[in-house]
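A short worksheet on the structure shown next.
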Amino acid sequence: MGGMETVLSVEHLMISFSQYERGWRKIQLPVIRDLSINVKGHEIVAVVGSSGSGKSLLAHAVMGLLPANASWKGRITFKGEELTGKRVKELRGRQMVLVPQSVSYLDPLMKVGDQVRNGHKDGKSRTRSREVLSRYGLGEDTEGLYPFQLSGGMTRRVLISTAVMEKPELVIADEPTPGLHISAAKRVLSHFREIADEGAGVLLITHDLELALKVADRIVVFYAGTNVEEAAVSDFQREVSLRHPYTRALYRAMPSHGFEVQPGAQPYVKDLPRGCPYGPRCPMADQGCLEEIEYRAYKGGMVKCRKAGI
C-alpha cells in the first residue's frame, strides 16, 4: 500500500431525506449539511459526535448504501477519482470495506468460516481466513461456529476479519464497540490501529471521544449534521488547544475532566437554528452567529466558529 496519500476525500457533503408530512406534503430533511473530511493511508481519522448527529450516514454515503428516500450532493473521491455508483460497486468489499455497527450483518444461518471467506471454498481462501482469524485471537474452531455462538467481542472480531480478507485500502468502522466492556472495546480498536499502521486509511465513527483519543491520529467533531472542528489528538491534552466551544464542552464532559455537562441538547433536524447549530447552547454566541459560518483552517486544525481567534 502507498504512503500518506489521501485515500478518501469528502467535500461539502449534504444528505437529505424526503418525507411526507401528514401523509401528503413532501418535504426534504437536510440531515447532513456541508460536511468535509479526508483520510490518508496509515492514519485513523475519528468522527466523534453524539447519537442523532448523522455520523453513520457519512459511512453509508461513502459506501453507496444510502436508503432510497435519501439524496446527496457534494464530492466523494477515492484515491483522487470520483466515487460514482458504478465505481463504488467495483470497490466495495475489496478496496473499500465497512465494519458495520449492527452484528445483524452476519448471516445467522451461515457458519463463520464461510462468511469470512465470502463463499470462496478454495485452499488459498481457507488459508487466508485462518490466518486472519488467528490474528484476531480466534482459533480454527471459530470457523465452524454460527453467529449466535459468539460473544459480543468475538462477533466484532469476526466482522473485522471479514472486512480485511481482501487487504482493503479504506476501512470504515461504524460504532465498532457498542456494548463492549472497556477492555474488549480497547482490544477491538487496537486492531484498527494495526490496520492503519499497515497502510490502510481508517475512518472511525464513534460517540466515544475517550476511546477515539486512544487510537486515532485526528479527531473530527460532528454536531447536528456538520463538522465543527478538526484537531490532532495531541490538541486534546489541554482544553485551551481546542478551537470550538462544543469541542471544549466535550472535553469537560469526559470522566477524567470532571464530567461537566453542558446544558441544552443537540437540535432535531426540523428545529435547526439559523447559522451555527451550536449557537443556542453557546455561552459566547451573539447576533453574528446567526449568519452562515465558514469552516476554516485555524491553529493547525479546522474550525467552524466565527469567535475562534477573535
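The values are calculated or read from the model by the stated rules, or taken from the named source; none is laboratory data. It should be emphasised that the depicted structure is a prediction, and the values quoted were computed from it without experimental measurement. Note that each Cβ is placed from the backbone with ideal geometry, even for glycine, and that neighbours are counted across all protein chains shown.
Quick notes
- Looking across segment 148-162, the residues that are closer than 22 Å to Ser183 by Cβ, assigned to a helix (DSSP H, G or I) and either in contact with an Asp or Glu (Cβ under 6 Å, 6 or more places away or on another chain) or not basic (Lys, Arg) (or both) come down to Gln149, Gly152, Gly153, Met154, Thr155, Val158, Leu159, Ile160, Ser161.
- Under the condition of being crowded, with 18+ Cβ neighbours inside 10 Å, outside any helix (DSSP H, G or I) and over 26 Å from the mean Cα position of the chain (by Cα), the residues counted in segment 272-292 number 1.
- Any hit, segment 199-211, residues being at positive phi, out of contact with any helix residue (DSSP H, G or I) (no Cβ under 7 Å at 6 or more places or on another chain) and not in a helix (DSSP H, G or I): yes
- Filtering segment 184-202 to residues that are over 22 Å from Leu57 (Cα atoms), without any contact (Cβ under 8 Å) to a residue 60 or more places away in the chain and out of contact with any Gly (no Cβ under 9 Å at 6 or more places or on another chain) leaves Lys186, Ser190, His191, Glu194, Ile195.
- Complete set of residues in segment 52-72 that are at pLDDT 95 or above, crowded, with 18+ Cβ neighbours inside 10 Å and not in a helix (DSSP H, G or I): Met63
- Meets criteria (under 27 Å from Lys167 (Cβ atoms), among the small types (Gly, Ala, Ser) and touching a residue at least 40 places away in the same chain (Cβ under 8 Å)) for Ala70: no
- In segment 293-310, residue surrounded by the fewest Cβ atoms within 10 Å (Cβ to Cβ) [restricted to those that are more than 25 Å from the chain's Cα centre (by Cα) and not basic (Lys, Arg)]: Ile310
- Within segment 97-146, considering residues that are among the β-branched types (Val, Ile, Thr), part of a helix (DSSP H, G or I) and modelled with pLDDT of 90 or more, the one farthest from Lys186 (Cα to Cα): Thr127
- Some residue of segment 242-264 being touching a strand residue (DSSP E or B) at 6+ places or on another chain (Cβ under 8 Å) and over 20 Å from Asn38 (Cα atoms): yes
- Test for Arg75: is it surrounded by 12 or more Cβ atoms within 10 Å (Cβ to Cβ), part of a helix (DSSP H, G or I) and basic (Lys, Arg): no
- Within segment 122-134, not a single residue is within 30 Å of Pro277 (Cβ to Cβ), crowded, with 16+ Cβ neighbours inside 10 Å and of a type in the set (Ser, Thr, Tyr).
- Residue in segment 34-44 that is surrounded by fewer than 18 Cβ atoms within 10 Å (Cβ to Cβ), over 21 Å from Thr177 (Cβ atoms) and basic (Lys, Arg) present: no
- Residue list for segment 238-263, restricted to those being assigned to a helix (DSSP H, G or I) and either within 17 Å of Cys289 (Cβ to Cβ) or of a type in the set (A, V, I, L, M) (or both): Val240, Pro245, Tyr246, Thr247, Arg248, Ala249, Leu250, Ala253
- Residues within segment 254-271 that are without any contact (Cβ under 8 Å) to a residue 60 or more places away in the chain and over 22 Å from the mean Cα position of the chain (by Cα), tallied: 11
- Residue in segment 222-236 that is hydrophobic (A, V, I, L, M, F, W, C), modelled with pLDDT under 95, buried (at least 18 other Cβ atoms within 10 Å of the Cβ) and outside any strand (DSSP E or B) present: yes
- Failed item in (1) under 27 Å from Glu169 (Cα atoms); (2) assigned to a loop (DSSP other than H, G, I, E, B); (3) in contact (Cβ under 8 Å) with a residue 60 or more places away in the chain, with Glu11 passing the rest: (2)
- Those residues of segment 16-52 which are of a type in the set (A, V, I, L, M), over 30 Å from Lys214 (Cα atoms) and in contact (Cβ under 8 Å) with a residue 24 or more places away in the chain, in sequence order: Leu29
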